[in-house]
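Remarks on the structure that follows.
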Amino acid sequence: MKTLGSIPDGETGFDRVLAFSVPERNARGRTVRLGPVLDTVLSAHDYPTAIRHLLAEALVLTALIGSLLKDENSQLTMQAQAEGGIVDLLVCDYRQGEIRGYVQHDPERLAALETFPSMQALFGEGYLAITFDLATTDERYQGIVPLEGESLTDACQSYFAQSEQVPTLIRTGIRWDGQHSIVGGLLVQHLPEGEESRERLHVRMDHPEWEHVAALAGSTRQDELVDASLSLEALVWRLFHEESEVRVEPLAALSRGCRCTAEYYESVLQRFPESEKAAMRSEDGLIAVDCAFCSKIFRISA
């Protein structure tokens, strides 16, 4: 972990997470910028513009929240499910710097709407579920909130307020030039005395330290989040350079993490009774398994 004492050079590249903390304010945060990895995930399907933007936002939120996990092999899954909207299902997950995601939607209904429809138009009535699978304790816990607000970012802030009861501010920005996408994000939280085990501040959203941090972090512009020439370290320094101490720690590089393999699907199919596997087989005796994340079809002999 490093301490920012002047405007840092940092790395101006993509696909990385920077952890930071402001000890005097009992605040911690993450900032992320996705580029080539985002293009790789989006290229698995021919998504229209509105769905590309939705999935890009979901992926950077997944990276921000997932990078809060401390234990190796722990996983964060974010799932938005709805009825009556254009989008039926959105799923993303994060594990050890690996991210993946996909969206199921109705192309014909989407084509009848404006280029960037509202979240209400995209989802109708739905919910957002955020699930943490902890590797060291083998525990799972989940929070569910309605899909309300103007964006997935708003819904994630509601998750932290309602389920985690931690004052949290999230900002995201997206840029698309017709060929490549960039998405950036910033997450800042206030923890009492910097310790997660202490009493939560859900009834103290007006805490002066949090108000100060939220005001600074809230000044972040979307163009700063997606500016490839501005390092993540420099972005954090812009926001908090007047604080007495800011600590930063680069985390693992991000990558597209679809974990589908023929061996994995073979092990899954072995759990099915023979009668069900027989019904799945095609005329050549193989079972076709379609991975929605990477759009690959595996033909398995089981």
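General observations
- Relative packing of peptides 131-143, 23-35, 243-255, 97-109 - highest average C-beta neighbours within 10 Å first: 23-35, 97-109, 243-255, 131-143
- For the peptides 48-58, 279-289, the ranking by mean Cβ contacts within 10 Å, running from highest to lowest, is 48-58, 279-289.
- Think of each Lys and Arg Cβ as +1 and each Asp and Glu Cβ as -1; about the Cα centre, that makes the dipole of the chain roughly 380 debye.
- Distant-in-sequence amide contacts of Arg100, defined by a placed amide H-H separation under 5 Å and a gap of 5 or more residues or a different chain, comprise Asp93, Gly257.
- Our coupling estimate for the stretch 83-94, obtained by passing each phi through the Karplus curve with A = 6.51, B = -1.76, C = 1.60 and θ = phi - 60°, is 10, x, x, 6, 9, 8, 8, 10, 9, 9, 8, 9 Hz, Gly and Pro reported as x.
- Sequence-ordered 3J(HN,Hα) estimates for the stretch 13-25 from the Karplus curve with 6.51, -1.76 and 1.60 and θ = phi - 60° stand at x, 9, 6, 8, 10, 10, 8, 8, 8, 10, x, 5, 9 Hz, glycine and proline given as x.
- A Cβ-based charge dipole, computed about the Cα centre of the stretch 121-163 with Lys and Arg at +1 and Asp and Glu at -1, lands at about 40 debye.
- Net charge over other residues, Cβ less than 10 angstrom from the Cβ of Glu24 (K, R count +1; D, E count -1): -2
- Take every Cα pair under 8 Å whose residues are at least 6 apart in sequence, average their separation, divide by the length of the chain, and the relative contact order is 26 percent.
- Per-residue ³J(HN,Hα) for the stretch 207-223, Karplus 6.51 cos²θ - 1.76 cosθ + 1.60, θ = phi - 60°, Hz, x for Gly and Pro: 4, x, 5, 5, 4, 5, 5, 5, 5, 5, 5, x, 7, 4, 9, 4, 5
- Proximal charge balance of Leu187 [Cβ under 14 Å; K/R count +1, D/E count -1]: +1
- For the stretch 93-180, taking the reciprocal of the average inverse distance between every pair of different Cα atoms yields a Kirkwood hydrodynamic radius of 15.6 Å.
Since every read-out is calculated from the coordinates, none of them should be taken as a lab result. Not measured: the values here are computed from a predicted model. Reconstructed Cβ throughout: ideal geometry from the backbone, glycine too, with neighbour counts over all protein chains shown.
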